[in-house]
Amino acid sequence: MKPTLVLLPGLLCDRALWAPQIDALADVCTPWVADLTRDDSVEKMAARVLDEVQAAHFALAGLSMGGYVAFEIMRQAPERVTHLALLDTRARPDSPDEAERRKTLMRITEAARSFAPVNKRMMPLLVHAARLGDGELVRIIQEMADRTGIPGYLRQQQAIMSRADFRPTLKHIACPTLLLCGRQDAITLVSFHEEMASQMPHARFLILEQCGHLSTLEKPDEVNAALRSWLGKH
Ligand code: MLT
């Protein structure tokens, strides 16, 4: 039987974030995408995933907020996770400035009753500058936001703001681990990944060139190759 690969989307994202991986890796695993729109804490998101995944053991990949939930799953049930992939994420909590920016974005979205102003501000941070004119990519991102909806977004931001500092947990992670980020990731910086890599010397650490925050969509071939090799490790 093929192993289950649990995929955890980021803020304002859903299954479409992982669509290129679902298509490309289905010969070696059974992908399962979590819905992280329903809870307002990372602890509750992790507990719900653990409750809903049928497989006793699974490989686990999270991007950005999905990475925060992956860290929490490693705290709640490390014995169920055979492989861990952390994409464009961070173990550290928000700085005070970041927390303020988050609250501003939440206020703007609530007042506008639309993601239009947030999308306008966030798009340059989400993808590499060269992809801002890629209408298909921008459409996928906007549609994911619309499907998440404003209440789902506010719950996710609440969860992100109240997350733990996961840095002390890194040294306990023992399964095959992949750390991957875009060189031009403007949200979860390369330096955040270097900080994590320094605490996880056994992890494979990959930086993708010409790539922003949404690596699964921006560089699907490179991400798929890295995940395929990671899934093959024992
Ligand atoms: C995400 O993509 O999940 C977010 O950028 C995470 C965050 O805002 O911390």
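The values are calculated or read from the model by the stated rules, or taken from the named source; none is laboratory data. Remember, it's a predicted structure, so these values are computed and weren't measured experimentally. Here Cβ is always computed from backbone atoms with ideal geometry, including for glycine, and neighbour counts include all displayed protein chains.
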Is it the case that Thr89 is of a type outside the set (Lys, Arg), within 16 Å of the ligand (Cβ to nearest atom) and out of contact with any Leu (no Cβ under 9 Å at 6 or more places or on another chain)?
-> no
Within segment 124-180, work out how many residues are among the acidic types (Asp, Glu) and more than 20 Å from Asp35 (Cβ to Cβ).
-> 3
When Ala112 is evaluated against the numbered criteria (1) exposed (fewer than 13 other Cβ atoms within 10 Å of the Cβ); (2) at pLDDT 95 or above, which criterion, by number, is the only one it fails?
-> (2)
Hey, Ala197 farther than 28 Å from Phe115 by Cα, out of contact with any Gly (no Cβ under 8 Å at 6 or more places or on another chain), without any contact (Cβ under 8 Å) to a residue 12 or more places away in the chain and among the hydrophobic types (A, V, I, L, M, F, W, C) or not | no
When you go through Arg167, Arg163, Arg147 one by one, which is the residue that is basic (Lys, Arg) and under 16 Å from the mean Cα position of the chain (by Cα)?
-> Arg163
